[in-house]
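So the structure is just underneath, and the comments pick up after that.
The values are calculated or read from the model by the stated rules, or taken from the named source; none is laboratory data. Bear in mind the structure is a predicted one, so any value in this text is a computation, not a measurement. Cβ placement follows ideal geometry from the backbone for every residue including glycine, while neighbour counts extend to all protein chains displayed.
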Amino acid sequence: MLSIDYSGDGVKVICDSEIIQCDSVIVTCSVGYLNKHAGEMFTPPLPPAKQRALKEFGFGVVNKLFLKFDKPFWNKDCDGLQLLWTDEWASDLEEELLRIPGVCGSL
C-alpha cells in the first residue's frame, strides 16, 4: 500500500500495481510507522486534531502472555492477575511494569 485517498466518494487504496476502491479502510500499521509516514499516506492529509493525537500517543514494547486453563479457578469479578516476581527477576524489570493496571507485581 502506497497511500490512501479519501477525498471523494469512498476510499481509494493506492498500491504498487493497482488502485482498490473501497467503502472504508481500517489502517493497522504501528503507531511509529504511522507517525513517520502519515504525511505521505493520506490524501487529503489527516485533520490537525488527528495528527496531534498521533504525535501525543505513546508507544513502546508490548509483551503478551497467554495462559490457558482447563477451567477457571478465579472469581468471576476478577479484574486482573497478581504476578509474583523473584528478587532475581525483579532486578531485571522496569519499575513501570509494576504499575500497569490489571498487572500487579509483588517482590
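Per-structure values
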read-out: Pair list, Cβ < 7 Å and 6+ apart or interchain, from the stretch 27-54 residues that are over 15 Å from Ser7 (Cβ atoms) to residues that are assigned to a helix (DSSP H, G or I) and among the basic types (Lys, Arg); value: Asn35/Lys55
read-out: Subset of the stretch 56-84 that is among the aromatic types (Phe, Trp, Tyr) and under 29 Å from Gly32 (Cβ atoms) - its residue that is modelled with the lowest pLDDT; value: Phe59
read-out: Of all residues in the stretch 16-55 being in a loop (DSSP other than H, G, I, E, B) and either surrounded by 11 or more Cβ atoms within 10 Å (Cβ to Cβ) or in contact with a strand residue (DSSP E or B) (Cβ under 8 Å, 6 or more places away or on another chain) (or both), the one that is modelled with the lowest pLDDT; value: Cys29
